[in-house]
1. Does residue 224 count as within 30 Å of residue 152 (Cα to Cα), in a strand (DSSP E or B) and over 14 Å from the mean Cα position of the chain (by Cα)?
2. Which of the residues belonging to segment 13-25 are out of contact with any Leu (no Cβ under 8 Å at 6 or more places or on another chain), surrounded by 15 or more Cβ atoms within 10 Å (Cβ to Cβ) and within 22 Å of residue 82 (Cα to Cα)?
3. Within segment 49-81, how many residues turn out to be surrounded by fewer than 16 Cβ atoms within 10 Å (Cβ to Cβ) and either touching an Asp or Glu at 6+ places or on another chain (Cβ under 7 Å) or among the charged types (D, E, K, R) (or both)?
4. Considering only segment 429-442, how many residues are more than 18 Å from residue 160 (Cβ to Cβ) and either in contact (Cβ under 8 Å) with a residue 40 or more places away in the chain or part of a helix (DSSP H, G or I) (or both)?
5. Restricting attention to segment 21-46, report how many residues are under 30 Å from residue 149 (Cα atoms) and part of a loop (DSSP other than H, G, I, E, B).
6. Regarding residue 65, is this residue under 25 Å from residue 229 (Cα atoms) and either touching a Cys at 6+ places or on another chain (Cβ under 6 Å) or assigned by TED's automatic domain parsing to the domain that holds residue 37 (or both)?
7. Sort out which residues of segment 303-330 are over 31 Å from the mean Cα position of the chain (by Cα) and surrounded by fewer than 13 Cβ atoms within 10 Å (Cβ to Cβ), and write them in order of number.
8. Working carefully through the options 53, 32, find the one that is within 25 Å of residue 231 (Cβ to Cβ) and free of Cβ contacts under 8 Å to residues at least 40 places away in the same chain.
Amino acid sequence: MRIEVVLVFDIGKTNKKMLLFDKSLEILHEEEVIFEEILDDDDFACDDIEQIESWILDGCNRFINDDNYHVRGINFTTYGATLIYLDSHGNRLTPVYNYLKPMPEGITGPLYRAYGGEAEFCRNTASPALGMLNSGFQALWLKEKKPEIFNKVKTILHFPQYLSFLLTGEIASEHTSIGCHTALWDFDRMAYHPWTKQLGDTLPVPLSVETTYPTQKSRKEIPVGIGIHDSSSSLVPYFMNSGEAFILVSTGTWCISMNPFNAEPLTPEQLQKDCLAYMSIQQKPVKSSRLFMGRIHDVNVKRLNSIYGVTDNAYKQVTLNKDFIRSLHRKSLGERVFFKTGIPDDYVDESVGKETFDSFEEAYHQLVTDLVDLTVESIGLITGEDDRTKNMYISGGFARNPIFLKLMASRFPHKNVYTSEVSNATSMGAAMILWKSIEPGFDPAINLGLQHFTGDPKLITA
């Protein structure tokens, strides 16, 4: 008897994944590939979309015809800030331009001035001024710099919806892709921003993220989701399995803090500090802040390794020492020692020398203490005065750092602080959306891998 599954394609900037989820959201099959980048028509690196397309179509064909599985549906989740341009026949007109591509002078300035200045425009669209990372400006760039191509554009799709279009031939859009710092969405009116009229009638009306269309690439009629932005998708398991308001702190190279329960508009100060708003599957803003914490940690640990003559992995053997934390707190009077005057451009704080600490272990405790302080500041940008979140979920690499966790729980005594280990949360979110669409009454009990951490107020008040 064949096992009922949904097939999810999780397209990251580096890694591309293909996964099969059963009804209980167990992963029955997972494969991962890395494709070499190619050059676009301006000789800038970009994803090889033809290779991605072939890989997706081959994967669909393979599993749809696999006697071990009954594929009930297919869905996509991808990185954001990426547009695909189609002509009137549904043909792709350009490479998949990289959001790291530099924005030429003169593209965004006139638009900012026309709508109250940069600060007001960014506030209104919940999009910090990020150049090509504001994907709507990619379309404006194409219109102004490559008019011979733009004049052929009939439809503009975000990346997840284009991959869905490959299988269904249906034009669609949805809120999570539009709302991720694209500069396309007016968060005051909850509609496309008026400036988008410059793009003509190219942007589809957004639909519910649970919308599906039948595939045209198979003799079997299989529902295909219209896709979802990866950051919003990673929140879905928590939305569906957390009974209380929460903040998700996703740690790694970047520490991304997301609060789906703060409806206050972004302020100019928050935008200047790299805050933005995503859109949830409920079509509501998700206030988000980010900190380059993993990178800051790694480069400063590397310097400490050199100063103290320890191995690269020495920090992994450092266990929580409360006496160190209390002593360091007394010596610093609760002030930062690292990054006292801010984070340097290269992220390495050269001002802290060997004479400051008695050992590598003590220095590492101080580094993590100060990283926690920076994280608390970053989270503070998205909580607001009327913070009603009860739970804080910490995932990723720092969820395995006992010093970081103890200090975070101590700094948030009025919240339930949990670590959360969810394998492939982003692709699971896309699977959950699809199962909910095609299976009436779908309500799985998901193991979020929660572990509760209690704080110690004496650590930060001694």
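1. Numbers: within 30 Å of residue 152 (Cα to Cα): yes; in a strand (DSSP E or B): yes; over 14 Å from the mean Cα position of the chain (by Cα): yes.
The answer is yes for residue 224.
2. Filtering segment 13-25 for residues out of contact with any Leu (no Cβ under 8 Å at 6 or more places or on another chain) gives 13-17, 23-25.
In the following step, the residues that additionally are surrounded by 15 or more Cβ atoms within 10 Å (Cβ to Cβ) were identified as 16-17, 23, 25.
Answer for segment 13-25, where residues must be out of contact with any Leu (no Cβ under 8 Å at 6 or more places or on another chain), surrounded by 15 or more Cβ atoms within 10 Å (Cβ to Cβ) and within 22 Å of residue 82 (Cα to Cα): 16, 17.
3. So the answer is 7.
4. Pass one, segment 429-442, residues more than 18 Å from residue 160 (Cβ to Cβ): 439-442.
Subset that is either in contact (Cβ under 8 Å) with a residue 40 or more places away in the chain or part of a helix (DSSP H, G or I) (or both): 439, 442.
Looking only at that region, the number is 2.
5. So the first thing to find is which residues in segment 21-46 are under 30 Å from residue 149 (Cα atoms), and the list is 34-46.
Remaining after also requiring part of a loop (DSSP other than H, G, I, E, B): 34-37, 40-44.
Residues in segment 21-46 being under 30 Å from residue 149 (Cα atoms) and part of a loop (DSSP other than H, G, I, E, B): 9 in total.
6. On the way: under 25 Å from residue 229 (Cα atoms): no; either touching a Cys at 6+ places or on another chain (Cβ under 6 Å) or assigned by TED's automatic domain parsing to the domain that holds residue 37 (or both): yes.
Answer is no for this residue.
7. 306, 309, 311, 323, 330
8. Working: 53 fails: free of Cβ contacts under 8 Å to residues at least 40 places away in the same chain.
Checking each option against the conditions leaves just 32.
The values are calculated or read from the model by the stated rules, or taken from the named source; none is laboratory data. As the structure is a computational prediction, the values presented were derived from the model and not from experiment. FYI the Cβ positions are ideal-geometry reconstructions off the backbone, even for glycines, and counts take in every protein chain you see.
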